[in-house]
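For reference, the structure discussed in these notes is given below.
The values are calculated or read from the model by the stated rules, or taken from the named source; none is laboratory data. Because the structure is predicted, anything quoted here is derived from the model rather than measured. All Cβ positions, glycine included, derive from the backbone under ideal geometry; neighbour counts span all protein chains shown. Just so you know, the surface numbers come from the protein's heavy atoms only, side chains and all, with ligands and any DNA or RNA stripped out. Shrake-Rupley method; radii C 1.70, N 1.55, O 1.52, S 1.80 Å.
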Amino acid sequence: MEQLEMLWAYQQEDMKADRIALNIRRSPTRQKLEKSRDFIMEQQKLFKQIEEQVAVMADRMDIIRDALPRYEEQLNALTQRAEQDPPADLEAVQALLAEVTRCRETISNYESEMRRIVKDSSEHVNRQRSIRHNAASVKQEFDALKLTYDKELKEQKSQLEAQRAVAQKAAEGIDPKLMEEYNTIKKHITPPMARLMGNQCGGCNTAQPSALLNKIKSGTEVIECETCGRMIIP
């Protein structure tokens, strides 16, 4: 019984330390900081994606610039051929017109694509400018929050270390095997110990079998709740 009561006292201090650790993780300043960090990282990723898209468009523009003169030369050659050596029959005329039409359509499509690329590139550059501005603004907020959080965290860590020391002191004299069982249960459910409330587990409010009640009340051995797995003590 004494060992279980010592473990119960340890749990009270251990849970206080866990609450401080939880408050550190749930700190509003920390959450704002993480949100700002995630936004900056997202903007950096988006900036890089746009940069890659602009590079692809630039490569495509180079291809079109190289191709346009060839099709224009081909169109001029077709025009000169028609003037110097007019088609002899309708079929030849139709074939020549089809070639001319293909050249003109290709040139027109390339020119339309170039205009679209120029427009898209301009929009992408504007988006990059906006991203840089927004990211820079959030980075300033992030830096200010970081200073506040570092100061807050230093104080909270000091409190946590002090409470962990209190819990460690309370653990002195407890059977290592009992402590090991406590820590094993704690990995699955917190707190790992509960009082017997009437005939129920104080952790999950489940009524305990009558065969176990006397064992729990005697406090001579560790009894775990069949429902939640906590150690139940009287």
Residues located in the range 199-234, provided they are at positive phi and modelled with pLDDT under 90: GLY219
Filter result for the condition that a residue is at pLDDT below 95, out of contact with any Phe, Trp or Tyr (no Cβ under 6 Å at 6 or more places or on another chain) and hydrophobic (A, V, I, L, M, F, W, C), over LEU33, LEU68, LEU75: LEU75
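Results for (1) in contact (Cβ under 8 Å) with a residue 60 or more places away in the chain; (2) assigned to a loop (DSSP other than H, G, I, E, B); (3) within 17 Å of GLN3 (Cβ to Cβ), shown as yes or no for each residue.
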residue	(1), (2), (3)
GLU181	no, no, yes
THR184	no, no, yes
HIS188	no, yes, no
ALA194	no, no, yes
CYS204	no, yes, no
ASN214	no, no, no
THR220	yes, yes, yes
GLU226	no, yes, no
ILE232	no, no, yes
Checklist (1) in a helix (DSSP H, G or I); (2) surrounded by 11 or more Cβ atoms within 10 Å (Cβ to Cβ) applied to PRO87, failing item: (1)
Inter-residue pairs, beta-carbon under 6 Å, first closer than 17 Å to PRO69 by Cβ and in the range 98-118, second aromatic (Phe, Trp, Tyr), 6+ apart: CYS103/TYR71; THR106/TYR71; ILE107/TYR71
Total residues in the range 11-29, condition over 17 Å from GLN159 (Cα atoms) and touching a Phe, Trp or Tyr at 6+ places or on another chain (Cβ under 8 Å): 2
Verdict on LYS169 being more than 34 Å from the chain's Cα centre (by Cα), at pLDDT 95 or above, open to solvent by 50 Å² or more (accessible area, probe 1.4 Å) and not acidic (Asp, Glu): yes
